[in-house]
Amino acid sequence: MQHISTGTGVYVLLSPRETEVLRHLASGLANKEIAYRLHIEIGTVTAHVSHMMTALRLGNRVQLCRWALTHRAVFHGEAVDPAHVAVPDIDLAA
């Protein structure tokens, strides 16, 4: 399980599978593609994405993707404190 600080003193747990789903989501894959690559049902991917958005208090998958890209340490098994990480400007037009 990944322990991740939300910056409010609350720690979120992401399972290894959720971390895999998040990695694929951040790379731009759709739920169907993630399900295919991980050999799981689309509904399972949807459930993982929903749980992560709720746990991290994010409103949509774009925010979840941005969070993942901002907090790359999650993919290396480190706990991170988002309050101490600068959010990069992302050029959505590119």
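Would you check if Leu29 is crowded, with 18+ Cβ neighbours inside 10 Å and of a type in the set (A, V, I, L, M)? Judged against the criteria, Leu29 is not a match.
Each residue in the stretch 45-57 was checked for being more than 13 Å from Ser15 (Cα to Cα) and either in contact (Cβ under 8 Å) with a residue 60 or more places away in the chain or crowded, with 16+ Cβ neighbours inside 10 Å (or both), and 2 pass.
State yes or no: is Ala83 at pLDDT below 50, under 18 Å from Leu29 (Cα atoms), exposed (fewer than 12 other Cβ atoms within 10 Å of the Cβ) and among the aliphatic types (A, V, I, L, M)? For Ala83, the condition - at pLDDT below 50, under 18 Å from Leu29 (Cα atoms), exposed (fewer than 12 other Cβ atoms within 10 Å of the Cβ) and among the aliphatic types (A, V, I, L, M) - is not met. The residue that is nearest to the chain's Cα centre (by Cα), counting only those in the stretch 14-63 that are polar (S, T, N, Q) and assigned to a helix (DSSP H, G or I), is Thr19.
Filtering the stretch 1-54 to residues that are among the small types (Gly, Ala, Ser), under 17 Å from Leu69 (Cα atoms) and modelled with pLDDT under 85 leaves Ser5, Gly7.
The values are calculated or read from the model by the stated rules, or taken from the named source; none is laboratory data. The structure presented is a predicted model; accordingly, all values stated were derived computationally and were not measured. Please note: Cβ atoms are built from the backbone with ideal geometry, for glycine as well, and neighbour counts cover all protein chains shown.
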